[in-house]
Amino acid sequence: MQMTPRERVYKTLNHQEPDRIPICFGGTPNSGIEECPPDYCALSNLYQFLGLKDTSPVRLNPICNVAANIDEQCMERLHSDMRLVTDNPPGPIVIDDQHKVWPFFYGGRIVKCGLYEQIDFSDPPMINLKTEKDIEEYPYWPDPQEDNMRGVVERARKLHEETNYFVCGSPSSGHFPLNGYGLVSGMEKWLLDMKTEPAFYRHLCEKMMETSLVFTEKFYGETGQYLDAAVVFDDLGSQTGPLMSLADYRKFYKPYQSEIIKRIKTYLRPAAKIILKSSGSIYQFIPDLIEIGVDVLSPVQPLARNMEPWRLKKEFGKDLSFLGGFDLQRLLPSGSVDQIRKGVKILIDEFSKGGGYIFGASYILQCNLPPDKIAAMFDAAYEYGKYAFSEDFEAISFVDYIDGLDLSNPLPDSWQALTI
């Protein structure tokens, strides 16, 4: 019997096999798509390729050129079972044609960097903070009275009561303290402060935590009854390994992460899930993440060290679900449509048994991706991802399949420099 999207996602996240593999496109903050006008407009190109009419004008988030709104027609056409609710914070202040500052994001500096508007790691606003007095006198603490909820509750209520989609919530304050510390202090200072200035590190984390929880509790306090999941932000890994040792994670990071999840859960319905967004190689942290209440790991970067889908499913699949996993570093930008479709089948074979998997890309779709490849990926997941599958499983793993392909000439010459 055909399930509704909400039923389908809940069933797989409860480790049961639904009628088909759920699909996520734009249903979480890290499952969307970029737009870099005028030449690299992945979302607009996708609308045109799919033949969609009267689509809403594309709006961009303040950083990373991620589309803030994907037209409902596109999400339906690409079979997405999930929808996103986020807050509506004030935007950044324009300094000049190359620079902005975002007070709501703790004074984060934004710089024009090629095609993108990115966080300026060369000049982070908190890099010179050294004392508790510096922290208290810092000028860019977000105003707790700021109205960042315009239209938010109405959208959450409408999605919950008038649609059958699985609804995820994610406020923009979710980075702090966590790796938000590094975003506004610099990654090097963040990691060094833990070891060389632990008292200062904890004081700054507590201040960030106090401020962030005001917005977190406002967001979930007003929307929690309508949400099926909450997305918690993180980035604990690089391509080759974790950003810190397991001992340092447990001492300096996990207590804040655990408390944030605990607070969020008090506003959610009992059945709702916690989705952790954390890219890179985070294998060593996964048992601890399960312990503190993470239900779903996203976006699953399969080519990062020890993050192979077969490994994750074998070692953690009874306790943890996975969202994403389709490779954006090599296969999607560099493979042919036929290679992409076969890769979808192999990935689903590895992740699907017993539920616990939502298909999606391994991160936000980049601005230079051809629309036919994007459509092929999601269409293949929809066509193949039906239970029960045939017993004709591929004998090769997803990562080995990618390693065996000749992906030396993936894109037109004008796009080569943009590949991940």
**Report entry** Of all residues making up region 361-381, the number that are assigned to a loop (DSSP other than H, G, I, E, B), under 30 Å from K318 (Cβ atoms) and not small (G, A, S)
**Finding:** 2
Report task. Kindly establish whether I358 is under 25 Å from I275 (Cβ atoms), in contact with a Ser or Thr (Cβ under 9 Å, 6 or more places away or on another chain) and not in a helix (DSSP H, G or I). Result -> yes
**Report entry** Yes/no for L332 being under 30 Å from T266 (Cβ atoms) and either touching a residue at least 24 places away in the same chain (Cβ under 8 Å) or in a loop (DSSP other than H, G, I, E, B) (or both)
**Finding:** no
Query raised in the report: Here are some residues: P18, P62. Which one is modelled with pLDDT under 95 and part of a loop (DSSP other than H, G, I, E, B)?
Result: P62
Query - Total residues in region 9-47, condition surrounded by fewer than 22 Cβ atoms within 10 Å (Cβ to Cβ) and either within 20 Å of E162 (Cβ to Cβ) or among the polar types (S, T, N, Q) (or both) - result: 5
Query raised in the report: Any idea which of (1) among the polar types (S, T, N, Q); (2) at pLDDT below 95; (3) buried (at least 20 other Cβ atoms within 10 Å of the Cβ) is the one T211 doesn't satisfy?
Result: (3)
Query raised in the report: Is one or more of the residues making up region 69-89 in a loop (DSSP other than H, G, I, E, B) and more than 30 Å from Y357 (Cβ to Cβ)?
Result: yes
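Collect the residues in region 233-260 that are among the aliphatic types (A, V, I, L, M) and surrounded by 17 or more Cβ atoms within 10 Å (Cβ to Cβ), keeping them in residue-number order.
Passing the criteria: L236, L243, M244, I260.
I need a count of the residues in region 90-126 that are part of a loop (DSSP other than H, G, I, E, B) and under 20 Å from M209 (Cβ atoms). I'd like the intermediate steps shown before the answer.
Quick first cut of region 90-126, residues part of a loop (DSSP other than H, G, I, E, B) only: 90-92, 95-98, 106-107, 114-115, 120-126.
Then drop every residue that is not under 20 Å from M209 (Cβ atoms), which leaves 106-107, 124-126.
Of the residues in that region, 5 qualify.
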Report summary line: Flagged pairs (Cβ under 9 angstrom, 6 or more apart or on separate chains; first in region 248-263, among the acidic types (D, E); second in a helix (DSSP H, G or I)) are D248/L191; D248/M194; D248/K195; E259/M209; E259/L213
Report task. Report whether or not V101 is under 28 Å from G360 (Cβ atoms) and either among the β-branched types (V, I, T) or at pLDDT below 95 (or both). Result -> no
Report task. Could you check how many residues of region 89-125 are within 30 Å of L50 (Cβ to Cβ) and either buried (at least 21 other Cβ atoms within 10 Å of the Cβ) or touching a helix residue (DSSP H, G or I) at 6+ places or on another chain (Cβ under 6 Å) (or both)? Result -> 1
Report summary line: Going through (1) under 24 Å from L129 (Cβ atoms); (2) buried (at least 23 other Cβ atoms within 10 Å of the Cβ) one by one, T223 fails only at (1)
Query - Among (1) of a type outside the set (A, V, I, L, M, F, W, C); (2) out of contact with any helix residue (DSSP H, G or I) (no Cβ under 6 Å at 6 or more places or on another chain); (3) modelled with pLDDT of 90 or more; (4) within 30 Å of T4 (Cβ to Cβ) - the single one P370 does not satisfy - result: (4)
Report task. State whether the residues of region 186-196 include one that is among the acidic types (D, E), farther than 18 Å from K251 by Cβ and out of contact with any His (no Cβ under 7 Å at 6 or more places or on another chain). Result -> yes
Query raised in the report: Taking the stated definitions as given, is R269 part of a loop (DSSP other than H, G, I, E, B), among the basic types (K, R) and either modelled with pLDDT of 95 or more or crowded, with 18+ Cβ neighbours inside 10 Å (or both)?
Result: yes
Requested in this report: For region 292-300, state whether one or more residues are out of contact with any Leu (no Cβ under 7 Å at 6 or more places or on another chain), in a helix (DSSP H, G or I) and of a type in the set (A, V, I, L, M).
Outcome: no
Query - Single match in V344, V337 (criterion: under 28 Å from V66 (Cβ atoms), modelled with pLDDT of 95 or more, touching a helix residue (DSSP H, G or I) at 6+ places or on another chain (Cβ under 7 Å) and crowded, with 21+ Cβ neighbours inside 10 Å) - result: V344
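The values are calculated or read from the model by the stated rules, or taken from the named source; none is laboratory data. What you see is a predicted model; the values in this text were computed from it and never measured. Counting neighbours? That spans all protein chains shown, and the Cβs are built from the backbone with ideal geometry, glycine included.
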